[in-house]
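Since every read-out is calculated from the coordinates, none of them should be taken as a lab result. Every value quoted in this text rests on a predicted model; they were computed, and no experiment measured them. Here Cβ is always computed from backbone atoms with ideal geometry, including for glycine, and neighbour counts include all displayed protein chains.
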Amino acid sequence: MSTAIDMASALDDEIQQILERATDTLSPAEILAQSQLADGRHTVASALHRLSARGAVEHDSTGGHRRYWLASRGHVTAPKTVRGRIQAYLSRAGVPRSMREIAGALQIERRTASRALNALATQGVLESVPLTQRGRVAWRLAAAPAETAGTAVNDPLFALASDGTLTLCTHETELALDATETAALLDYLAPFVTNRESQRSPA
C-alpha cells in the first residue's frame, strides 16, 4: 500500500514539475508524453484529479478538451495556432523532436505538422537536425530567428511542401492550400510573374 502511495505522490510531483516548465496549458496527452512515471492516460487522469482536488492545478474545457495549468502560476494562455503550439512544445522539450513526435504530442495530423514546420523553418524560427535514418530530420528552435535585410519578421511567408501543398503564414494567421489549390494559384500567378520578368529584361 505504501509503495502505491509513494508512486502516486511521485507522479503528482512530476506532473507539477511538467506544468511548471510549460509555456502554455497542457492536455492530459501532452502531459503523458513528457512523463517518465505514468503508466498511461488513466494514471495521468487520476493524478490530475488528485491535484485538482487539492487546488494545485486548474483547468478549462475550451473546445470540449480539458487543458491544465499550475494554480500557483495562474492561467497560461495557450497559443492558438499550430505554429505557436509547435514553438511552445519544442521550447518545453529542450531537445530536437521529429515531425512524428511533434504531431503525436500535439495530436495533429502529420501533414499539418509538416506544413507548420516548413513555415517556421522558412521564417528562421526552427532549424532541422539530421537523424540517423536517411532523409529523416528532427526539429529544434533556432538560436536566433533569422531576419532578411529589409524584411520584417511578421511579413507574409510561404512554405511549399514536397507534396505540393502550400502554407501562407502572416502574423497569427495560417492559410493552408492543398495540392490542387496550390497548382491553381500558381497557374493564376504565372502570367504576372512572366510579365514582370519581361519588363525587367533589357530591351
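One table, with the values for the structure above:
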item: Added length on full extension, which subtracts the Cα-Cα distance from 0.36 nm per residue, E20 to E109; result: 29.3 nm
item: Residue-wise HN-Hα coupling along the stretch 97-113, computed from phi with Karplus coefficients 6.51, -1.76, 1.60 (Hz; x: Gly, Pro); result: 10, 6, 4, 5, 5, 5, 4, x, 5, 8, 6, 10, 5, 4, 5, 4, 4
item: Highest to lowest packing among 33-43, 183-193, scored as the average C-beta count within 10 Å; result: 33-43, 183-193
item: Cα gyration tensor category, rounded, prolate or oblate, for the stretch 2-73 with a/c compared to 1.5; result: prolate
